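Written out below as structure tokens is the structure these notes cover.
The values are calculated or read from the model by the stated rules, or taken from the named source; none is laboratory data. Note that the coordinates shown come from a computational prediction; the quantities given were computed from them, not determined experimentally. Here Cβ is always computed from backbone atoms with ideal geometry, including for glycine, and neighbour counts include all displayed protein chains. The protein model used for the area step is the full one, side chains on, heavy atoms only, and it has no ligands, DNA or RNA in it. Shrake-Rupley method; radii C 1.70, N 1.55, O 1.52, S 1.80 Å.
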Amino acid sequence: MSQHTASVTVPREQELAIASQKRPRRFNPTSIWVMTVLLVFMLYFLIPFFWLVVSATKSQADLFGTFGLWFAPNFNLFSNLQQLFTYNNGIFLRWLLNTLLYAGVGSVLGTFIAAMAGYALAKYVFRGRNLIFSVILGSILVPVATLALPLYLMMSKVGLTNTVWAMLLPSMVNPFGVFLASIYAMAAVPTELMEAARMDGAGEFRIFLNVSLRLLTPALVTILLFGIVGIWTNFLLPLVMFSDPSLFPITVGLQSWNVTASNAGANTQTIYNLIVAGALVSAIPLLIGCILLQRFWRGGLGAGSVKG
């Protein structure tokens with residue numbers, strides 16, 4: 001039997017696409033302006049962090065006696081960190097652990113609650129669903145600072161002020177997370193898949209945990225990171241809720257040091273270098289979290305790009 005070699009014909013559209021990829025791009029002034037604007041914004045956000053890194057390496061004298069955007073002759077980062085974690089009986093470490101507790105537990109529980117609420121609003125039909133969704137949208141528009149005093153009055157009525165629950169309970173409520181989870185669940189969780197799971201005998205909560213929750217991973221990572229950042233940088237709520245310094249998070253703790261140093265007089269203003277070092281330490285976990293969680297966003301975008 002004779003073998004015939006089949007010729008492969010490349011469509012005209014593919015030839016044009018290959019040729020356009022090999023052809024050098026023309027100069028585009030618009031792209032230059034776009035890159036310039038992006039570079040300006042990048043510098044706008046990175047210069048304060050660069051100042052923080054540089055200032056954390058300086059002693060108290062160099063902090064006010066040298067140029068702010070460059071290093072001093074003496075490198076004192078490790079000395080500042082050693083003093084930071086030993087100053088005032090090492091209370092900064094307690095503040096750091098408090099912040100990890102508030103942000104970690106509050107954001108994880110808040111993300112799970114938001115996922116359940118958003119999933120229910122997106123995939124189930126029940127009376128009052130549109131009203132609940134409208135209330136959630138309206139609550140997103142309420143500034144968080146305006147809720148500090150009402151939350152304090154509510155917590156004081158039940159005796160929860162000056163306890164860890166005063167931070168954890170409000171942190172579990174995330175209207176934006178519910179909204180994002182519901183919008184993502186509408187597109188990412190097929191109703192047919194839920195019906196197939198029901199035919200296999202799975203209950204509703206098992207379908208949510210074993211099927212839907214995995215499909216919601218990109219949205220949940222976004223909600224989790226927003227929750228961590230929001231709780232980690234929250235200042236007004238813990239300032240109102242706590243009077244015991246051992247319960248302070250980093251934000252309120254460093255501010256208390258700043259107020260103490262400002263009101264103590266010139267002879268005792270010697271901890272500004274520790275405040276700057278503490279601010280640098282508090283920023284590092286957020287940077288690590290963004291780096292570790294960004295792969296979930298890339299995975300979610302890639303999955304969405306191939307859906308028809």
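Below is a table of values for the structure above.
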item	result
Verdict on Met167 being within 28 Å of the chain's Cα centre (by Cα) and open to solvent by less than 30 Å² (accessible area, probe 1.4 Å)	yes
Test for Ile113: is it closer than 30 Å to Ser212 by Cα, open to solvent by 70 Å² or more (accessible area, probe 1.4 Å), in a helix (DSSP H, G or I) and touching a residue at least 60 places away in the same chain (Cβ under 8 Å)	yes
Residue check for Val144: open to solvent by 80 Å² or more (accessible area, probe 1.4 Å) and within 18 Å of the chain's Cα centre (by Cα)	yes
Selection status of Thr57, crowded, with 20+ Cβ neighbours inside 10 Å and part of a loop (DSSP other than H, G, I, E, B)	yes
Which listed residue is closer than 29 Å to Met167 by Cα and crowded, with 18+ Cβ neighbours inside 10 Å, from Gly90, Gly138, Gly118	Gly118
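One line per residue, one yes/no per condition, for (1) at pLDDT 95 or above; (2) in contact with a Leu (Cβ under 6 Å, 6 or more places away or on another chain); (3) closer than 30 Å to Thr191 by Cα:
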position	(1), (2), (3)
Thr66	no, no, no
Asn76	no, no, no
Asn89	no, no, no
Asn98	yes, no, no
Val108	yes, no, yes
Gly118	yes, no, yes
Gly128	no, no, yes
